[in-house]
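For reference, the structure discussed in these notes is given below.
The values are calculated or read from the model by the stated rules, or taken from the named source; none is laboratory data. In this text, all values refer to a predicted model and were calculated from it rather than measured experimentally. Note that we place each Cβ from the backbone using ideal geometry, even for glycine, and neighbour counts take in every protein chain shown. Quick note on the areas: whole protein, heavy atoms, side chains included, nothing else; ligands and nucleic acids left out. Shrake-Rupley method; radii C 1.70, N 1.55, O 1.52, S 1.80 Å.
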Amino acid sequence: MPTVSIILGSKSDLPVADKAISILREFSITFEINVASAHRTPKRVEDLVKRSDAGVFIAIAGLSAALPGVVASFTTKPVIGVPVSGKLGIDSILSIVQMPAGVPVAAVGLDRGDNAAILAAEILAVSDARLASALLEYRVRQADKVEKDSEEVAADV
Ligand code: RP5
């Protein structure tokens, strides 16, 4: 049973989804992934959301990125929207951030599929001690890398 459902507005969003997949695999989080467009295939979006057992949705879309909001309209589970860089750079960000009151979507940064997966892990970790501990270890590894990078930078100048 998938714990996270990733929905892409288009196959062209796959490079952003790959960043999320890599993190989900690192944390051994099961997931399903589908392509469904809010504008081109609205019924498919509805069916995917309503029949999913996932606890968190990650919706990835660019341009006029209605997908995360439409996913949220069909579920009360948490929805994380990932804006994909498009023609203007800010178009998809505004589409995802400016949700009307009552139907929230959590937005991560442009193309930040990795952060969407980390946020999904953090949501799931509220009731999963193994995941909570894995997230703490991840933070420690990140901090270690910054210190190592600092040493390398200092040694190179
Ligand atoms: C959005 O339009 C998709 O999420 C994608 O980011 C963008 C372009 O889609 P394609 O024209 O590449 O299918 O709906």
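Figures for the structure shown
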{"read-out": "Filter pass, Asp18 being open to solvent by 60 Å² or more (accessible area, probe 1.4 Å), more than 15 Å from the chain's Cα centre (by Cα) and among the acidic types (Asp, Glu)", "value": "no"}
{"read-out": "Pair list, Cβ under 6 Å, 6 or more apart: segment 82-93 residue near the ligand (Cβ under 9 Å from one of its atoms), other residue at pLDDT below 95", "value": "Ser92/Gly86"}
{"read-out": "Test for Asp114: is it open to solvent by less than 50 Å² (accessible area, probe 1.4 Å), part of a helix (DSSP H, G or I) and charged (D, E, K, R)", "value": "yes"}
{"read-out": "Subset of segment 18-40 (residues that are small (Gly, Ala, Ser) and under 17 Å from Val105 (Cβ atoms))", "value": "Ala20, Ala36, Ser37, Ala38"}
{"read-out": "Residues located in segment 97-114, provided they are of a type outside the set (Val, Ile, Thr) and in contact (Cβ under 8 Å) with a residue 24 or more places away in the chain", "value": "Met99, Pro104, Ala106, Ala107, Gly109, Leu110, Asp111, Arg112, Gly113, Asp114"}
{"read-out": "Enumeration of residues in segment 89-111 that are touching a Leu at 6+ places or on another chain (Cβ under 9 Å) and in a loop (DSSP other than H, G, I, E, B)", "value": "Gly89, Ile90, Val108"}
{"read-out": "Residues that are within 16 Å of the ligand (Cβ to nearest atom) and open to solvent by 80 Å² or more (accessible area, probe 1.4 Å), drawn from segment 21-42", "value": "His39, Arg40"}
{"read-out": "Residue count for segment 45-73, restricted to those that are open to solvent by 70 Å² or more (accessible area, probe 1.4 Å) and within 13 Å of the ligand (Cβ to nearest atom)", "value": "2"}
